[in-house]
Amino acid sequence: MKTNILEQVIDQVTTPDKKFMSINFGCRVNAAELNQLSQVFLEQGFSPLSQGLKGEVTPDVILINTCSVTKKADIESLSRIRTLHRQYPGAKIIATGCATLQKVDGLENIITINNKSKEELLKDLRCAYTPQIEDKFSHTKRFLLKVQSGCSQMCTYCIVPYRRPYLWSLSLDDALATATQAIKNGYEEIIITGVNLEQYEPGFSNLVEILLTKTNIKLISYGSIPVNCVDNKFINLLSKYSHRLSLFLHIPLQSGSTKILKKMNRPYDQPKILEMYGKLKEIPVNLHYGTDIIVGFPGETESDFQDTLKICQRVGFTKIHRFKYSARPQSAAKALYKPDKLLTPAVLAARLEQIKKIEL
């Protein structure tokens with residue numbers, strides 16, 4: 001008897017030359033998970049197909065990991081599922097991830113797996129080395145190392161804690177073993193990824209240290225690094241191992257105003273931001289910085305926005321992901337702040353443009 005949905009789908013494929021396609025939306029965590037799920041099909045003799053086929057080859061199974069970090073990402077994920085359903089009517093489509101999958105649940109040949117069930121499927125694969133399926137994040141030399149899942153920070157603008165509430169951390173020993181195996185198989189870069197690395201229980205800087213001192217990996221990079229992960233230990237490692245650590249740090253701030261950060265329930269304030277970047281700029285390393293900024297959060301005054309603008313100018317970001325605030329379903333901000341408290345589209349557009357102009 002087949003014990004999980006993946007095994008059931010595999011059992012239904014009777015073609016001699018079995019093929020599958022994997023499609024990722026969103027972050028590096030999603031990509032790492034898709035690699036792990038794809039491994040199940042590879043081990044059962046399925047051949048991977050690249051995206052963008054013209055119809056001459058039809059996949060038996062399509063794996064798609066969706067995203068809902070923004071409203072746009074949710075819409076794009078669901079649109080892609082429907083397009084694939086029309087393009088490959090005979091394929092089994094396994095859709096998982098953070099998007100509102102109930103909107104496609106029930107369509108013929110579409111199987112939806114919520115994040116809780118996905119975590120159950122992945123639990124036996126977390127500590128295992130899995131070859132990478134090539135995408136925009138990973139390839140034959142870059143290995144995605146997922147070490148953490150879930151978030152309970154409850155930032156008021158965010159729905160991730162509702163879509164990914166299941167906290168989990170990979171032990172340092174298992175992380176080291178997985179990285180070591182990846183290096184033996186020819187990978188030259190380890191990309192550390194997690195939903196919220198601040199909630200990685202063994203500690204982000206401890207993980208970076210053990211990978212640096214216990215392996216000969218050529219380069220360690222990271223996805224988004226929370227402010228509170230940039231501690232003195234990590235900064236010292238950057239200074240000592242600058243030849244083996246990525247010198248681009250994407251640290252999402254969301255705002256530079258202490259008042260707005262408090263409304264967002266972010267676990268830091270403006271003085272903490274300035275202290276962190278002050279320490280980073282003291283080390284003799286040519287670092288580059290990226291961040292995420294939300295403009296127009298409810299209650300944001302011109303003074304609050306100027307605080308954000310001054311932080312961006314002072315740091316000198318080379319990449320700023322800019323977002324207009326939008327009220328997401330389930331988020332605390334949607335319940336707390338009424339539409340008449342929001343800024344006009346013209347003001348939002350002007351503030352986004354000001355942020356864009358100071359990007360280096």
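The values are calculated or read from the model by the stated rules, or taken from the named source; none is laboratory data. No experiment lies behind these values; they were computed from the predicted model shown. Positions of Cβ are generated from backbone atoms using ideal geometry, with glycine treated the same way; all protein chains shown enter the neighbour counts.
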| task | Assess whether Ser239 counts as being surrounded by fewer than 16 Cβ atoms within 10 Å (Cβ to Cβ) and assigned by TED's automatic domain parsing to the domain that holds Val147. | result | yes
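Quick check on my filter: what residues within segment 7-25 are in a helix (DSSP H, G or I) and out of contact with any Lys or Arg (no Cβ under 9 Å at 6 or more places or on another chain)? Step through it out loud before you land on a result.
Initially, segment 7-25 is screened for residues in a helix (DSSP H, G or I), giving 7-12.
Result: Glu7, single match.
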| request: Any chance you could count how many residues in segment 333-345 are within 17 Å of Thr70 (Cβ to Cβ) and modelled with pLDDT under 90? | output: 2
| task | Taking the residues in segment 154-165 that are surrounded by 15 or more Cβ atoms within 10 Å (Cβ to Cβ) and over 15 Å from the mean Cα position of the chain (by Cα) as candidates, determine which candidate is nearest to Phe204 (Cα to Cα). | result | Cys155
| field | Selection from segment 269-299 of residues that are polar (S, T, N, Q) and within 22 Å of the chain's Cα centre (by Cα) | value | Thr291
| said: Of everything in segment 246-297, what is in a loop (DSSP other than H, G, I, E, B) and of a type in the set (Val, Ile, Thr)? Give them in sequence order. | reply: Ile251, Ile283, Val285
| Candidate set: segment 187-235, residues that are among the hydroxyl-bearing types (Ser, Thr, Tyr) and assigned to a helix (DSSP H, G or I); chosen: the one farthest from Gly290 (Cα to Cα) | Thr213
| field | Set Ile159, Ile225, Ile192: member being farther than 20 Å from Arg266 by Cβ and not hydroxyl-bearing (Ser, Thr, Tyr) | value | Ile192
| said: Can you say whether Lys263 is in contact (Cβ under 8 Å) with a residue 40 or more places away in the chain, crowded, with 19+ Cβ neighbours inside 10 Å and of a type in the set (D, E, K, R), as far as the supplied structure shows? | reply: yes
| Subset of segment 326-353 that is within 16 Å of Tyr157 (Cα to Cα) and of a type in the set (Gly, Ala, Ser) - its residue that is farthest from the chain's Cα centre (by Cα) | Ala335
| message | With the requirement that a residue be in contact with a strand residue (DSSP E or B) (Cβ under 7 Å, 6 or more places away or on another chain) and free of Cβ contacts under 8 Å to residues at least 60 places away in the same chain, what does segment 222-236 give you? | response | Tyr222, Ile225
| query | Hey, among Lys233, Lys240, Lys184, which residue is among the basic types (Lys, Arg) and modelled with pLDDT under 95? | reply | Lys184
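Does at least one position in segment 40-56 carry a residue that is in contact with a strand residue (DSSP E or B) (Cβ under 9 Å, 6 or more places away or on another chain), touching a residue at least 60 places away in the same chain (Cβ under 8 Å), within 22 Å of Thr193 (Cβ to Cβ) and aromatic (Phe, Trp, Tyr)?
First, pick out the residues of segment 40-56 that are in contact with a strand residue (DSSP E or B) (Cβ under 9 Å, 6 or more places away or on another chain): 41-42, 46-51, 53.
Retained after the next criterion (residues that are touching a residue at least 60 places away in the same chain (Cβ under 8 Å)): 42, 48.
Those still in the list that are within 22 Å of Thr193 (Cβ to Cβ) too: 42, 48.
With aromatic (Phe, Trp, Tyr) added as a condition, the list becomes none.
Within segment 40-56, not a single residue is in contact with a strand residue (DSSP E or B) (Cβ under 9 Å, 6 or more places away or on another chain), touching a residue at least 60 places away in the same chain (Cβ under 8 Å), within 22 Å of Thr193 (Cβ to Cβ) and aromatic (Phe, Trp, Tyr).
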| remark: Condition set among the β-branched types (Val, Ile, Thr) and in contact (Cβ under 8 Å) with a residue 24 or more places away in the chain, scope segment 305-358, selection surrounded by the most Cβ atoms within 10 Å (Cβ to Cβ): answer is Thr308
| For segment 26-111, which strands (runs of 3 or more DSSP E) that fit wholly inside it have 3 or more residues that are more than 16 Å from Ile5 (Cα to Cα)? | 47-49
| said: Looking only at segment 155-180, filter to residues that are outside any strand (DSSP E or B) and aromatic (Phe, Trp, Tyr); which one of those is modelled with the lowest pLDDT? | reply: Tyr166
| Out of curiosity, is Leu207 at pLDDT 95 or above, buried (at least 22 other Cβ atoms within 10 Å of the Cβ) and farther than 30 Å from Gln330 by Cβ? | yes
